[in-house]
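As C-alpha cells, the structure follows; a few thoughts come after it.
Just so it is clear, none of the values below were taken in a lab; they were calculated from the coordinates. Since the structure is predicted, the reported quantities are computational estimates derived from the model, not experimental observations. For neighbour counting, all protein chains shown are included, and Cβ atoms are generated from backbone atoms with ideal geometry for every residue, glycine included.
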Amino acid sequence: MTATSSFLPETGSLRAGPFDLGYCIEGSGTPLLVVGSAVYYPRTFSRRLRQRTKLHFIDHRGFAPAHAAYTRDDISFDVVLDDVERMRRHLGLDRFAILGHSGHGYVALEYAKRHPQNVSHVIMVGTGPSHSVDHMTLADRRWEEMVAPERKAILERAMAELGADIAARPEERFKSLLIRLGAKSWHLPAFDPAPLWRDVTVNNPVFDHLWGEVFRDIDIRNGLDRLAMPVLLALGQCDYLVAPAETWDAYRRDFPDLTVRMFEKSGHTPQLEESDLFDKTLLAFLAR
C-alpha cells in the first residue's frame with residue numbers, strides 16, 4: 001500500500017490467485033466501493049464527488065495483471081465476488097455503499113445479496129436486467145428503430161476499423177470493441193473514449209466468460225427478497241449497449257426499495273456525461 005499525500009490517491013495491489021488486483025482510494029466522506037478497474041473508473045467520476053465521498057476503486061480479474069497462467073475456475077463469477085470480499089477485508093472497510101457500472105452492476109448487486117451486513121446502499125449504473133438474447137434483441141431493435149442515420153453512420157465507420165485494431169492488439173480486443181462502439185455508448189456519438197482506456201489492462205477470457213455467459217444467463221430476481229438496503233438504478237437515455245429502460249419494469253416489484261433515475265443527456269456513463277446531476281442524485285440517495 002502506497003500513500004503519497006492527503007491530496008493524492010492511495011494505491012496498491014492485492015494478490016488473489018494468479019492475479020494482482022489493484023486499488024485506488026481517493027476523497028473523503030461516505031465510503032463508496034466502485035467495482036471494475038482501478039485505472040479506468042477514477043477517470044469517470046468528478047473531482048467534486050471526492051469532496052463528499054471516499055471512493056475505493058478496485059479491480060476485478062478482467063482488469064488485473066496476471067502473474068501466472070489461469071484456468072476457467074480462476075475466473076468464475078463466484079471467485080470474482082469472493083475477490084470483492086477479499087478486497088473489503090484488505091482495505092478495512094466495515095459498512096459502505098457499493099457501485100457497479102455496466103456489467104459490474106451485477107457484481108455490486110450480487111455481492112450485496114451475499115454480504116448484506118457490509119452494504120448500506122447499492123448503485124447500478126448503465127446496467128440492463130441481463131445480457132440475455134431477448135434483452136439484447138430489444139436493445140438492437142431500439143437502435144434500428146429510434147436512432148438517427150447520422151449516429152448510425154458514425155458507428156458504421158468506427159466498426160470498419162475494429163478488425164485492424166484487433167489484428168494489431170489482439171490482447172486488447174474487449175477494449176478496442178468498447179472504444180469503437182462509441183456511437184452506441186455516448187450521448188455525443190463522436191466522443192472519443194480512448195483516453196479513458198489508456199494503460200488499462202484487459203483479460204479477454206474473463207470478459208468473454210462474464211459478459212458472454214454469466215450476465216447472459218443471470219436472473220437478478222434470485223435473492224432480491226433478502227435485500228434490505230436501497231438500490232439506485234441510473235440509466236442513460238442514449239445508452240444503446242444494454243436493454244431498454246422499460247425492460248426493468250418487469251423487475252421493479254421484486255426490489256424492496258428501488259429508485260430509478262434517467263439521465264436524458266447521457267449514454268452508458270452518466271457519472272461522466274452529466275456529472276453535476278449524477279453527483280446530486282447519488283449524494284441524495286446516500287443521505288437516505
In whole Hz, what ³J(HN,Hα) sequence does the stretch 109-125 give by Karplus (6.51, -1.76, 1.60; θ = phi - 60°), x for Gly and Pro? 5, 5, 4, 4, 5, 7, 10, x, 5, 9, 10, 8, 8, 10, 10, 10, 10
Just how far, in whole angstrom, is the stretch 136-167 from the stretch 224-264 if you go by their alpha carbon centroids? 25
Listed with the fewest Cβ neighbours within 10 Å leading, 35, 147, 80 appear as 147, 80, 35
At most 12 other Cβ atoms within 10 Å plus a DSSP loop assignment makes a site exposed; report the longest stretch of the chain without any exposed GluC sites (Glu not before Pro). 1-160
Restraint check, 54/184; 113/184; 54/113; 54/175, Cα-Cα greater than 29 Å: 54/184; 113/184
Quick one: net charge around residue 25, please, counting Lys, Arg +1 and Asp, Glu -1 for every other residue with C-beta under 14 Å from its C-beta. 0
Along the Cα→Cβ direction, 7 angstrom out, place labels at residue 82 and residue 225. What is the inter-label distance in nm? 2.8
Under Karplus coefficients 6.51, -1.76 and 1.60, residue-wise ³J(HN,Hα) of the stretch 82-89 in Hz, glycine/proline x: 4, 5, 4, 5, 4, 5, 4, 5
I need the trypsin sites (Lys or Arg not before Pro) found in the stretch 82-143, filtered to DSSP loop residues with at most 12 other beta carbons within 10 Å of theirs. 95
Interchain or long-range residues, amide H under 5 Å from residue 125's placed H: 100, 101, 102, 105, 234
Can you give the helix-only mean residue ellipticity at 222 nm for the chain, where every DSSP H stretch with n ≥ 4 adds -39500 (n - 2.57) and the sum goes over all residues, rounded to the nearest 500 deg cm²/dmol? -9000 deg cm²/dmol
